[in-house]
1. Using a simple spin-label model with points 7 Å from Cα along the Cα→Cβ vector, what separation in nm is obtained for ASP493 and GLN338?
2. Report the relative contact order of the stretch 39-151, percent, no decimals, based on alpha-carbon pairs under 8 angstrom and at least 6 residues apart.
3. What's the carbon and sulfur percent of the chain's accessible surface, probe 1.4 angstrom, rounded to a whole number?
4. Find me the longest stretch of the chain that has none of the exposed GluC sites (Glu not before Pro), where exposed means in a DSSP loop (not H, G, I, E or B) with at most 13 other Cβ atoms within 10 Å.
5. How large is the Kirkwood hydrodynamic radius of the stretch 454-511, counting all unique pairs of alpha carbons, in Å?
6. At R0 = 41 Å, how high is the FRET efficiency between LEU294 and ARG410 if r is their beta carbon distance? Nearest 0.05 is fine.
7. Once both labels are modelled 7 Å past Cα along the beta-carbon direction, what's the LYS594-ARG151 spacing in nm?
8. Under the rule a/c < 1.5 gives rounded, and otherwise a/b versus b/c splits prolate from oblate, where does the stretch 62-109 land using the Cα gyration tensor?
Amino acid sequence: MMRILAALLLTLLLAPAWSMSSTPAQSGPPQAIIVTPRMADVPVLPHAQLLEDPQHTLEVPQLRSQPHPWQPLHEERLSLGYTPSAWWLRFELVNPDPAPVRLVADLGSAVQDDAQWYVVDAVRGTSTVQVTGDRRPFAERDLPLRQISQRITVPSRSTVEVYVRLDSYDGLMDVVDISLSDSITYLEQATRTTAGLSLFLGLLMGATIYTLMLARVEVVYAWLGVHLIFFMGWYAGFHGFISQYLLPRHPDLSNNVLTTVTALAALTFIQFSLAYLRPALKGWTWAVRALQLLLLPLACVPVLALLGYYGPAWLIILGSAGPLLVGIMALALRVAWQGAGFARRFLVAFTAAQMSVLATALDALGLMPGWITPYFSMELGLGLGYYYLLYSVGQHLRELRTLRREAEVRDREHALQQDAQRRQMQLQSDNHILRQKSITDELTGVFNRRHFNDTCDRIQLDCMSHGRPMGLCMLDVDHFKHYNDHYGHQQGDNALRLIASALQQTLAAQQIDLFRLGGEEFGFFMDCGSGIEALELARTLGLRVRQLGHPHVASPLQRLTVSLGVAWWPSHEVVDLQRSTMYECADRALYAAKAQGRDTTVLYDGSIENETRPMSLLHPQA
């Protein structure tokens, strides 16, 4: 394909030299080639002459009997490019030995459409004809080899003229490089060359399998694997393996396959390159889209190939692949300039492959210096390029794995931190709930006796540090045992909840906590400036319960009521107070209120040590 592309490029840019120059004068017979029993790769074209047959009408008798504008050739390779004409080559072989010499003429191409060989005895005038080419069934070839070749026998002490007619199906000529070898040497060389090409195909197959395995990790490498499959198809077709082994009876289909896989190989490689470089091309989406638009003509090539338009198909391949490869190299250079290691490795592999293609193209055009032998240069360059690209892919995957592992570690650490925070918050919430449960009375929802004791110590310390007075009120539901006996304990529990709720609502406005001290007994602490204020606050609560109007037929008052005992101490007396003393003072005031007939509030004003000091008994609640 590279030779074909090079020929097309030369045709498009320079135009055929045969069309630009004036018709030369008739030249003499070609310079004869002296043949020997042992020959190896003797170039023929420097000793041959060329003639254009634009009408496709010339025959060998006409060529021998009539003058024609034969042109001498001096290069070892002939690139005719895209031409509608048929072309004739002629050369002479001279055998001075007493024994016949059996040779093989190799056309140097496996994809030339039509090659007709005419071997004419210069003395007797007899000739043999062999028609072969890539467009003919493989069985018609003189030698069952992938390369187009022809056996030639030169009788002893004789001269033969060889005429080769080259034609194409659609005007696209392959590069011709005719060489002569003796039969044994040629078969040995053909075997070695085929083995080398087969080895290269095997290496490509191994690379393909490896790449498709990588595609299980990164989908982008599937494009490279598919590209290698199509590239192997092109390589096998270009070197004649498809015509020889896969489609020997269907030469047209073989050419369809060759053109199709060429376009698809280019398309999939460009798609892989774009997908491979895309993560580092932020801000260059327009360039990626522009290159993807150029892929559309390549996608049309298989249709043209199936319809038989090979010339336009190859022109599209050349016109699209060139700008696409230049665009890919420009994007890779930009990414590599930014310091991306994977892009630098990709660029090295890409350059190695393109240099091999360039060397092959220059050799096909005869522009390669004579001291450089590009034999297998394309295989060597492409092999190095592909395998270095696979190395780059492996390195990139390792880098991606490292980044992913680091990201996974960060994610796990972040998840662990979040989980720890969540657990800590849950623990704090659970602790808060447990704390609330431990200080809350389960029946009424107010604080319990344990929290009452803790709060008592805290409030006393606060009053001592700020020089404030301190008050404690204890209240008890009147005749509650009779209520339980009459209404049942469940209704008794409901009554306690009702009273606790009413008391709590009243005290919440002054930010005072209510405690259930046990049974039907409640209590709370007060921060009042005087005993009278403490007494009034307690009486307010007694009135609140009475106003509930909850029936209690077992009570003389026929409703639920409470008795309240209030103990109050000025700031200078708070220092010496004990919790037991506070509780006992408030409890004495409560029992005094019960003794006064219940539904009453009593204030204890004085120290507990003064046993002889009477309590202050205030009037019952209104």
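1. The two pseudo-label positions are separated by 7.1 nm.
2. For the stretch 39-151, the relative contact order is 23 percent.
3. Within the chain, the accessible surface is 59 percent carbon and sulfur.
4. Of all site-free stretches, the longest is 76-441.
5. That comes to 14.1 Å for the stretch 454-511.
6. 0.55
7. 13.6 nm
8. It comes out oblate by the Cα gyration axes.
The values are calculated or read from the model by the stated rules, or taken from the named source; none is laboratory data. Note that the structure is a prediction, hence the values are computed from the model and not measured. Note: ideal-geometry Cβ built from the backbone for every residue, glycine included; neighbour counts use all protein chains shown. In case anyone asks, the SASA skips ligands and DNA or RNA and just uses the protein heavy atoms, side chains included. Shrake-Rupley method; radii C 1.70, N 1.55, O 1.52, S 1.80 Å.
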